[in-house]
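Engineer: Right, I'll just put the structure down here and ask away after.
The values are calculated or read from the model by the stated rules, or taken from the named source; none is laboratory data. Quick caveat: nothing in here was measured; it's all calculated off a predicted structure. Backbone-built Cβ (ideal geometry, glycine too); neighbour counts: all protein chains shown. Each accessible area value is taken on the protein alone, full model and side chains, heavy atoms only, with ligands, DNA and RNA left out. Shrake-Rupley method; radii C 1.70, N 1.55, O 1.52, S 1.80 Å.
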Amino acid sequence: MKEIRIAGVDEVGRGCLAGPVFAAAVILNKNIDTKNIKDSKKLSFNKRILLSKYIKKNSIYAVGIATVEEINKINILNASLLSMKRALSKLSIKPNLAYIDGPYAPSLNINFKTFIRGDEKIKSIAAASIIAKVSRDLFMINLSKKYPKYCWHKNFGYGTKNHLVGLKKYGITKYHRKKFKP
């Protein structure tokens, strides 16, 4: 009988005003301890960093990105699906089934199943949410060094008060999504 390799897939950054959207695909090793793996939104920044390292060390994973230019051109939903497809295609071992967080899936040449709030229900999706979130957060922290006036090192591109103040005072950057309000 053929072994079933399931990749959990999740994306982060859909609701941001700035920065790319990131997705991760994760095939968990059979003997990985999953008790602390949960939806990335329910973990502290430091806990996510530690878990991301642990998951990467004990799994097969890949990260896919859709750029701000792609988001502006094809919209955030399609860019999110594109980042998921890219993450899946970069896996060193191909899954034969993908569990995807949310109601939508990219067009794939493998079987898939979508799960509303999958990051709360399925460990491989939660693991993907952790890796995607840490990858994107670290990207935005690094970008904040070049654009400190928007406080991306704290808000990661989301529309917080500090970010909105920065937008009003200094305008947009090439990393802002032009079709997003405000």
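Engineer: Failed condition for Leu28, given (1) within 12 Å of the chain's Cα centre (by Cα); (2) of a type outside the set (Phe, Trp, Tyr); (3) buried (at least 19 other Cβ atoms within 10 Å of the Cβ), with all others met?
Structural biologist: Leu28 satisfies all of (1) within 12 Å of the chain's Cα centre (by Cα); (2) of a type outside the set (Phe, Trp, Tyr); (3) buried (at least 19 other Cβ atoms within 10 Å of the Cβ) except (1).
Engineer: Quickly run through region 33-62 and pick out the residues that are open to solvent by 40 Å² or more (accessible area, probe 1.4 Å) and either over 19 Å from Gly8 (Cα atoms) or not in a loop (DSSP other than H, G, I, E, B) (or both).
Structural biologist: Scanning region 33-62 gives Lys41, Lys42, Ser44, Phe45, Asn46, Lys47, Leu50, Lys53, Tyr54, Lys56, Lys57, Tyr61.
Engineer: In contact with a Phe, Trp or Tyr (Cβ under 7 Å, 6 or more places away or on another chain), open to solvent by 30 Å² or more (accessible area, probe 1.4 Å), in contact (Cβ under 8 Å) with a residue 24 or more places away in the chain and outside any helix (DSSP H, G or I): is that true of Ile65 in this structure?
Structural biologist: So Ile65 fits the description; yes.
Engineer: Only one of these is farther than 25 Å from Asn96 by Cβ and touching a strand residue (DSSP E or B) at 6+ places or on another chain (Cβ under 6 Å): Val21, Val26. Name it.
Structural biologist: The conditions single out Val21.
Engineer: In region 68-101, what residues are among the β-branched types (Val, Ile, Thr), touching a residue at least 40 places away in the same chain (Cβ under 8 Å) and open to solvent by 40 Å² or more (accessible area, probe 1.4 Å)?
Structural biologist: The answer is Ile93, and nothing else.
Engineer: Going by what's in this entry, would Ala98 be described as of a type in the set (Gly, Ala, Ser), in a helix (DSSP H, G or I), modelled with pLDDT of 95 or more and within 23 Å of Asn31 (Cα to Cα)? Working first, answer last.
Structural biologist: Numbers: of a type in the set (Gly, Ala, Ser): yes; in a helix (DSSP H, G or I): no; modelled with pLDDT of 95 or more: yes; within 23 Å of Asn31 (Cα to Cα): yes.
Against the criterion (of a type in the set (Gly, Ala, Ser), in a helix (DSSP H, G or I), modelled with pLDDT of 95 or more and within 23 Å of Asn31 (Cα to Cα)), Ala98 does not qualify.
Engineer: Considering Ile131, Ile125, which residue is within 17 Å of Pro20 (Cβ to Cβ), modelled with pLDDT of 95 or more and surrounded by 23 or more Cβ atoms within 10 Å (Cβ to Cβ)? Even if it seems obvious, please write down each step before you answer.
Structural biologist: Numbers: Ile125 fails: within 17 Å of Pro20 (Cβ to Cβ).
Criteria check complete, one pass: Ile131.
Engineer: Is it fair to say Thr114 is open to solvent by 30 Å² or more (accessible area, probe 1.4 Å) and without any contact (Cβ under 8 Å) to a residue 12 or more places away in the chain?
Structural biologist: So Thr114 fails the test.
Engineer: Looking at (1) farther than 23 Å from Thr173 by Cα; (2) in contact with a Lys or Arg (Cβ under 8 Å, 6 or more places away or on another chain), find the lone condition where Lys57 falls short.
Structural biologist: Among (1) farther than 23 Å from Thr173 by Cα; (2) in contact with a Lys or Arg (Cβ under 8 Å, 6 or more places away or on another chain), the lone unmet condition for Lys57 is (2).
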